[in-house]
1. Give the residues of region 58-84 that are in contact with a Pro (Cβ under 7 Å, 6 or more places away or on another chain) and either of a type outside the set (Lys, Arg) or surrounded by fewer than 17 Cβ atoms within 10 Å (Cβ to Cβ) (or both), sorted by residue number.
2. For residue 55, which of the numbered conditions (1) surrounded by fewer than 18 Cβ atoms within 10 Å (Cβ to Cβ); (2) basic (Lys, Arg); (3) more than 28 Å from residue 157 (Cβ to Cβ); (4) touching a residue at least 12 places away in the same chain (Cβ under 8 Å) fails to hold?
3. So which residues in region 98-132 are loosely packed, with under 12 Cβ neighbours inside 10 Å and either closer than 25 Å to residue 27 by Cα or out of contact with any helix residue (DSSP H, G or I) (no Cβ under 9 Å at 6 or more places or on another chain) (or both), if there are any at all?
4. Is it true that some residue in region 164-181 is in contact with an Asp or Glu (Cβ under 8 Å, 6 or more places away or on another chain), touching a residue at least 12 places away in the same chain (Cβ under 8 Å) and assigned to a loop (DSSP other than H, G, I, E, B)?
5. Exactly one of (1) touching an Asp or Glu at 6+ places or on another chain (Cβ under 8 Å); (2) surrounded by 14 or more Cβ atoms within 10 Å (Cβ to Cβ) is unmet by residue 135. Its number?
6. Checking residue 167 against (1) over 21 Å from residue 71 (Cβ atoms); (2) in contact with a strand residue (DSSP E or B) (Cβ under 7 Å, 6 or more places away or on another chain), which test does it fail?
7. Give region 137-163 a look and list any residue that's part of a loop (DSSP other than H, G, I, E, B) and either under 15 Å from the mean Cα position of the chain (by Cα) or modelled with pLDDT of 90 or more (or both), or say none.
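The values are calculated or read from the model by the stated rules, or taken from the named source; none is laboratory data. Since this is a predicted model, take the numbers as computed values, not measurements. FYI the Cβ positions are ideal-geometry reconstructions off the backbone, even for glycines, and counts take in every protein chain you see.
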Amino acid sequence: MELVLMRHAATAGNLLRRYIGTTDEPLSPEGRAAAEALAGTLPRVGLCFVSPLLRCRETAKICFPDALQIVLPDLRETDFGLFENKSYEDLKDVPEYVRWLESGGTLPFPGGEAREDADARALRAIDFIIDYKKSPAAVVAHGGTIMAVMAARGEPRRDYYDWQLPNCGSLRVSVEGRRLRLLPEAAADA
């Protein structure tokens, strides 16, 4: 089984470097243009598993226009709570943010979600996709979702933040049991 794992195109909040989790923003004009430029270079798939958030559904429609979209709620982005829709500049003097940074990002987001909970959701989603057994397929989700899946299941083994993708970034993987192995052309770019 082969999958394309793709991070959604940019939103206005992404361009302003804000924490955009549950905020349901559409793609920015720049994000839409980037997705349109990329669309012809991606493999054709018949099925696209997608986060329920608008930015992912729009990206999937542009990049995989002929694919049937299956919305999986467990692919949604982390709830950033108090940090939602705010930037470093907005938060740098907020005590809860300083504590979160000092923890290396391991503390739960105040008023939001713990990373462990978001990671568990992402792994439930990838297990559902693997068990669906349709290939080739695409997954259009969020940076945190892809990092969680690849840190837990990716080959070669890497740390969580090593799997961070830019907006419109993608990985092509083969599924071997529950492991996700980078395809040779993807491994060269990762």
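1. Within region 58-84, 58, 71, 73, 81, 82 qualify.
2. Looking at each condition in turn, residue 55 falls short on (1).
3. 99, 102, 103, 104, 116, 131
4. yes
5. So residue 135 meets the others, but not (2).
6. Failing condition for residue 167: (1).
7. 142
This table checks each residue for (1) crowded, with 24+ Cβ neighbours inside 10 Å; (2) in contact with a strand residue (DSSP E or B) (Cβ under 8 Å, 6 or more places away or on another chain); (3) under 22 Å from residue 122 (Cα atoms); (4) of a type in the set (Lys, Arg).
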{"site": "1", "(1), (2), (3), (4)": "no, yes, yes, no"}
{"site": "8", "(1), (2), (3), (4)": "yes, yes, yes, no"}
{"site": "37", "(1), (2), (3), (4)": "no, no, no, no"}
{"site": "50", "(1), (2), (3), (4)": "yes, yes, yes, no"}
